[in-house]
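Data first, discussion second: the structure below is written as structure tokens.
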Amino acid sequence: MHTLKPGPVLLLYLLTIFSFQTQAQLQNNPGANHGNKFEQLGTLLSDPNVYRTASGAPGHQYWQQRADYVIDVEVDDENQRVIGSETITYTNNSPDPLHYLWLNLDENEHKADAESKKFDESSLSEQMTTRQLRQFIGGNRDLGIHILKVADGSGKPLPYTINYTMMRVELPAALKPGAKFVLQVDWQYNISDRMEENGRGGYEYFAEDGNYLYTITQWYPRMAVYSDFQGWQNKQFTGRGEFAQVFGDFKVNITVPADHIVGATGECRNYANVLTPTQLTRWKQAQQADEPVEVVTLEEARQAMQGRATAKKTWIYEAKNVRDFAFVTSRRLVWDAMRVKQGIEGYTPMAMSYYGPEAYPLYRRYSTKAVAHTLRVYSKHTIPYPYPVAISVEAANGMEYPMICFNYGRADTDGTYSEATKYGMISVIIHEVGHNFFPMIVNSDERQWTWMDEGMNTFCQYLAEQEWDKDYPSRRGPAHKIVDYMKLPKDQLEPIMTNSENIVQFGPNAYAKPATALNILRETVMGRELFDYAFKEYARRWAFKHPTPADFFRTMEDASAVDLDWFWRGWFFGTDPVDISLDDVQYFQPLGNLETLQGDAKEAYEQDINTVARQRNIEAGIPFAVEADTSLQDFYNKWDRFAIDPEQQAAFRQYYESLTPEEKELYDGKYHFYQLKFSNKGGLVMPIILEWTYADGSTEIERIPAYIWRKNENEVTKVFAKTKEVTSVVVDPLRETADIDESNNAWPRRHTPTRFELFKQGNTPVRGASSGPNPMQRSGGG
Ligand SMILES: [Zn+2]
């Protein structure tokens, strides 16, 4: 762009130089300027094949196994014991003959000699709770599952081997492709104290009334997944990495004390036998109600809590096409229900909640409505909720199963509660109900990839929270909230694409970072329209199937025509943070007809000429004088960088007259040119978002795609033409990219307030009603 002669090429003069880059900073980005941040993922993904296409969809020979269950189970309230008997019909849809089957025995995580108790680190501190100490000693109850029978359909015993939480059952003959095998298993186990043993299911004892709340989960020997992408998923359950589950139909007969109320996956087939006539009438009312109706009232629950029924009742449940089955039973439960109109015929599920008196003030008011809200928002972004019920149970935790989940949110003893408890409860309900979509319907392998369910679910949770309440205090989702994690030293970080067991910072890595990445993808990289279509397409393609990460990555590109390989590489396969620095701003204006130069411009030209003169001396081979040299001074004083001889002047005039009015504008000072230099200090390539502030006080946001970094990942320079003079420029003004150092984002440099100051000043940038961050903090979801 520079030339010393006016003429057909524009002459620009540099008005002012702003430079922040020091030599030290330059050395942080040594010569290697071209890595592989934009290379296609290639071998990082599994090869497409007949089961999974290169577009990310199920292939023409896609298959998955199926397991149908008929189960009789009794919860023994006297001894806190589960007694079960199941018949599994296993269908081998794979092209492979199978010589054995693997089943999960998850309850063995509680065994005294459980492997995880050995390989998890532990340490003592000066202050320990009795519960913490008991973990070193172990309880004296017999925990873990007792297998009483393993047999084929005719009752003939089958050999089996238990390896910790996995059981291998030998088949009498290879199970051929397309064939079914019927397996019978009887078992028992002592239910663990969930509040002491840290389990996902178990019991909670209420000393004040002597009653138990049972949340019965991972309670039956469950078929492991056999898949085209990893064969048997029989990685041990340690309590951390969750579950890989097979779809099938369930019929479950649940026997409990007659004064218990049961809530479970699926639909109850015999309410007429287990409810009072009044309760049955209320249930029928609830099916037509758009506000929660108490099927079992608080008064009835209080009444039941005072008795101890000796009689038993059996609740019969059926669930179709689910990957698991869980239930709650207790005499302490209030139950309310209402229908959820999704606007699609055949899709009007019941939203329901079960809770004890201590949760009544919160749950009666919010829980069932939060369930309904979750179904509506998630259905909009994925597929219409296909199951007949969705249940929220208050159990002082956060854990999900098909159609039923366990959440927290208890009022104080006087019946009041804080805003933090309220929002915490709503968030955990949205989150756990949301798991119906990821992974209960879009059935990813949780044992391997936590982010595929937790990350996608936390992302949708954020959308649902923002639709619940204006300025909802979402804990995860907005980009700036992941900054503290992204800032950590590299040895405390691992990629999102890390096995569930090996993640150090579980919440930030598997929940917050992928949720944030998806939010950034939606708001900043792809835009809502392209993102929403592709995300929905992923849910549609993989509903009731087993997707892998590659299927997700491919689908998002396949359905949007946006090359996102750089994004997956950076956010999912890498640990680099975002830190884009605005290092240098240079301001140029066209030098048109010299005669029009006036004012500031002239002054700047006078200052600049000294530099130019020196440069000209060097080029001319004229040495700098050690002593005064009058001839040189004479040369110097007479020399005029912009001196124009008459010939040039005539040429210019001729040229100028030949220009169109638009071209003349360039010479007439309409445009101000700014050359900005950026460096990528964090490593993670991202779009460059700029906010220009002009001399007249107006502002403008401009977005440069991440592709600007593709030829130089460390430094880029770009020129911007503006019709108004710029007074300041800020990178990432809306805090969309999770930039970990905002002190190098502004020209002129600004003092960056610390977070405390941000809170105090109340000037946290707000990016619009749909995602306004809020400084309010609260305790987290599950
Ligand atoms: Zn979760």
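The values are calculated or read from the model by the stated rules, or taken from the named source; none is laboratory data. None of these values were measured; they are calculated from a predicted model. Cβ: placed from backbone, ideal geometry, glycine included. Neighbour counts: every protein chain shown. Note: areas computed on protein heavy atoms with side chains; ligands, DNA, RNA excluded. Shrake-Rupley method; radii C 1.70, N 1.55, O 1.52, S 1.80 Å.
Miscellaneous remarks
- Meets criteria (open to solvent by less than 10 Å² (accessible area, probe 1.4 Å), more than 16 Å from the ligand (Cβ to nearest atom) and of a type in the set (Asp, Glu)) for residue 551: yes
- Scanning segment 487-521 for residues that are part of a helix (DSSP H, G or I), without any contact (Cβ under 8 Å) to a residue 24 or more places away in the chain and within 29 Å of residue 244 (Cβ to Cβ) yields 492, 502.
- Subset of segment 245-283 (residues that are open to solvent by 10 Å² or more (accessible area, probe 1.4 Å) and either touching a His at 6+ places or on another chain (Cβ under 6 Å) or over 30 Å from residue 310 (Cα atoms) (or both)): 249
- Any hit, segment 463-475, residues being open to solvent by 10 Å² or more (accessible area, probe 1.4 Å) and either within 14 Å of the ligand (Cβ to nearest atom) or within 13 Å of the chain's Cα centre (by Cα) (or both): yes
- Hits in segment 452-462 - residues which are among the aliphatic types (A, V, I, L, M) and either more than 19 Å from residue 400 (Cβ to Cβ) or away from the ligand (no atom under 11 Å from the Cβ) (or both): 452
- Residues satisfying the stated conditions in segment 551-583, i.e. in a loop (DSSP other than H, G, I, E, B), within 18 Å of residue 509 (Cα to Cα) and small (Gly, Ala, Ser): 574
- For residue 449: the one exception among (1) more than 14 Å from the ligand (Cβ to nearest atom); (2) closer than 19 Å to residue 240 by Cβ; (3) buried (at least 24 other Cβ atoms within 10 Å of the Cβ): (1)
- Looking only at segment 359-386, residues that are open to solvent by less than 10 Å² (accessible area, probe 1.4 Å), away from the ligand (no atom under 16 Å from the Cβ) and assigned to a loop (DSSP other than H, G, I, E, B) come to 1 in all.
- Among the residues making up segment 484-506, those that are crowded, with 21+ Cβ neighbours inside 10 Å and within 16 Å of the ligand (Cβ to nearest atom) are 496, 500.
- Of the residues making up segment 507-548, those that are open to solvent by 30 Å² or more (accessible area, probe 1.4 Å), among the aromatic types (Phe, Trp, Tyr) and within 11 Å of residue 442 (Cβ to Cβ) number 1.
- The C-beta contact set for segment 186-209 (first residue without any contact (Cβ under 8 Å) to a residue 40 or more places away in the chain, second residue among the hydroxyl-bearing types (Ser, Thr, Tyr), distance under 6 angstrom, 6+ apart or interchain) comprises 202/192; 205/212.
- Among the residues of segment 142-185, the ones that are assigned to a loop (DSSP other than H, G, I, E, B) and open to solvent by 90 Å² or more (accessible area, probe 1.4 Å) come to 3 in all.
- Tally, over segment 656-712, of residues that are acidic (Asp, Glu) and over 28 Å from residue 567 (Cβ atoms): 6
- Some residue of segment 407-430 being within 16 Å of the ligand (Cβ to nearest atom), under 21 Å from residue 517 (Cα atoms), under 19 Å from the mean Cα position of the chain (by Cα) and of a type outside the set (S, T, N, Q): yes
- Residue 390 vs. criteria farther than 18 Å from residue 214 by Cβ and at pLDDT 95 or above: yes
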